[in-house]
Amino acid sequence: MREPRITTERLILRPFQADDLADYAALIRDKMASEYAPYDYQWPTDEDAMGDVIKFVMGEEMWLAVELKATGRVIGFIHTGRSEGEAERGLGYTILSAYQNKGYAYEGCVAQMDYCQKAFGTKRFVCGTADCNGPSVRLLQKLGFTKIESIEGCFARDAADNPIVFPAGKYEKVIAD
């Protein structure tokens, strides 16, 4: 598979590189400090683990850095991994909090989903988010996703080692022929 490089008006979506480590570490630390961190996968934030994780994402198909054209800084990631072959892909995204509410996540997700449709024939995208994560729910709705199922999520534990269980939704976007 050729390495994608997707450009939009303000962004470049591209594979992560080793020299993205500082921006990537800042992104993950920011993500794990968010009020929504208990409702998502728990990412390691220590230096040794950051190096291992960036090596992993560098080798993953369609795990792309969101680079701001104006500065060359990596401000996020968007991932569209296969969930049911090429016809269905999951969607995941994170944007640094200082760059949120500026349309970057929307711009990047639209571009990456369009790329998947054209390059792989993807017909369905799936995603999940906590019901309390209003910004993510609104983004999915703006992208044309529909909530298809209410579920309980659990990705973290509280200080007493009890699971943090929360209401969440599974979302999908089906691409019409």
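The values are calculated or read from the model by the stated rules, or taken from the named source; none is laboratory data. The structure presented is a predicted model; accordingly, all values stated were derived computationally and were not measured. Note: ideal-geometry Cβ built from the backbone for every residue, glycine included; neighbour counts use all protein chains shown.
Going through A159, A119 one at a time, which residue ends up being assigned to a loop (DSSP other than H, G, I, E, B), small (G, A, S), over 17 Å from the mean Cα position of the chain (by Cα) and over 14 Å from Y36 (Cβ atoms)?
A159
Determine whether Y106 is surrounded by fewer than 17 Cβ atoms within 10 Å (Cβ to Cβ), out of contact with any Pro (no Cβ under 7 Å at 6 or more places or on another chain) and either at pLDDT 95 or above or under 22 Å from T8 (Cβ atoms) (or both).
Yes: the conditions hold for Y106.
Any idea how many residues of region 72-92 are free of Cβ contacts under 8 Å to residues at least 40 places away in the same chain, within 18 Å of L21 (Cα to Cα) and surrounded by 15 or more Cβ atoms within 10 Å (Cβ to Cβ)?
Selection size over region 72-92: 1.
Using the structure shown, decide if F166 is within 22 Å of W63 (Cα to Cα), in a strand (DSSP E or B) and in contact (Cβ under 8 Å) with a residue 40 or more places away in the chain.
no
When you scan region 45-71, how many residues do you find that are farther than 25 Å from R82 by Cβ, exposed (fewer than 13 other Cβ atoms within 10 Å of the Cβ) and not basic (K, R)?
5
For region 131-154, what are the residues that are among the hydrophobic types (A, V, I, L, M, F, W, C) and either within 17 Å of E172 (Cβ to Cβ) or without any contact (Cβ under 8 Å) to a residue 60 or more places away in the chain (or both)? Quick ask: steps written out before the conclusion?
Of all residues in region 131-154, those among the hydrophobic types (A, V, I, L, M, F, W, C) come to 132, 137, 139-140, 143, 145, 148, 151, 154.
The answer is V137, L139, L140, L143, F145, I148, I151, C154.
Of everything in region 114-138, what is hydrophobic (A, V, I, L, M, F, W, C) and out of contact with any Phe, Trp or Tyr (no Cβ under 6 Å at 6 or more places or on another chain)? Give them in sequence order.
Within region 114-138, C116, A119, F120, F125, V126, C132, V137 meet the criteria.
Among the residues of region 47-100 satisfying the criterion of being aliphatic (A, V, I, L, M) and part of a helix (DSSP H, G or I), which is farthest from M113 (Cα to Cα)?
A49
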